[in-house]
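Down below is the structure, laid out as structure tokens.
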Amino acid sequence: VVSQILYTSFFTTIFAFLWLLFTGQLRASLEFVTVHAAVRGDILILSASSTVAQFAIAYTIYSYSAVILASIMTFRQFLSVLISCYAFGAPLNVLQWLALLLIVAPAMFKHVALPTDVADDKSPGRADRSRTDRPTEYDRL
């Protein structure tokens, strides 16, 4: 997992550098960071946050599944929209509320409307793996 995160971050860094270089924006970016020294701390905090988030994503996928990660991310976006609308006083119209309902309804239906034994059922094809089981060779990829 660590190697995957390292290679992904390395590729992203190289890609961003080449993009800035070939689009002619590298000099302006470096000048901005030189002139506005306070932004260096912000860049460091953003980079550290991104790294922690990548480890959290990898851990969630490894320990649970990609579907659980997708559910968590969807719910996070849902809450973000609601909090943003409340904080900035921007009410949602009927179509927007309908869209939010369509996003949240499947998860609510699974956990509220279905009986517990059906809602907790594992999806077919996903091996039941407890935390004490050792990872297989496939898990290490």
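The values are calculated or read from the model by the stated rules, or taken from the named source; none is laboratory data. The shown structure was predicted, so the numbers you read here are calculated from the model rather than taken from an experiment. Counting neighbours? That spans all protein chains shown, and the Cβs are built from the backbone with ideal geometry, glycine included. In case anyone asks, the SASA skips ligands and DNA or RNA and just uses the protein heavy atoms, side chains included. Shrake-Rupley method; radii C 1.70, N 1.55, O 1.52, S 1.80 Å.
Of the residues making up region 15-27, those that are open to solvent by less than 70 Å² (accessible area, probe 1.4 Å) and either under 22 Å from the mean Cα position of the chain (by Cα) or among the polar types (S, T, N, Q) (or both) are Ala16, Thr23. There is at least one residue in region 5-27 that is small (Gly, Ala, Ser), at negative phi and in contact with a Ser or Thr (Cβ under 9 Å, 6 or more places away or on another chain). Just one of the numbered conditions (1) within 20 Å of Thr12 (Cα to Cα); (2) surrounded by 13 or more Cβ atoms within 10 Å (Cβ to Cβ) is not true of Leu30; which one? Going through (1) within 20 Å of Thr12 (Cα to Cα); (2) surrounded by 13 or more Cβ atoms within 10 Å (Cβ to Cβ) one by one, Leu30 breaks only (2). Note on region 44-82: residues that are without any contact (Cβ under 8 Å) to a residue 24 or more places away in the chain, open to solvent by less than 100 Å² (accessible area, probe 1.4 Å) and more than 12 Å from the chain's Cα centre (by Cα) amount to 7. Taking the criterion of being assigned to a helix (DSSP H, G or I) and surrounded by 12 or more Cβ atoms within 10 Å (Cβ to Cβ), the residues of region 83-96 that qualify are Cys85, Gln96.
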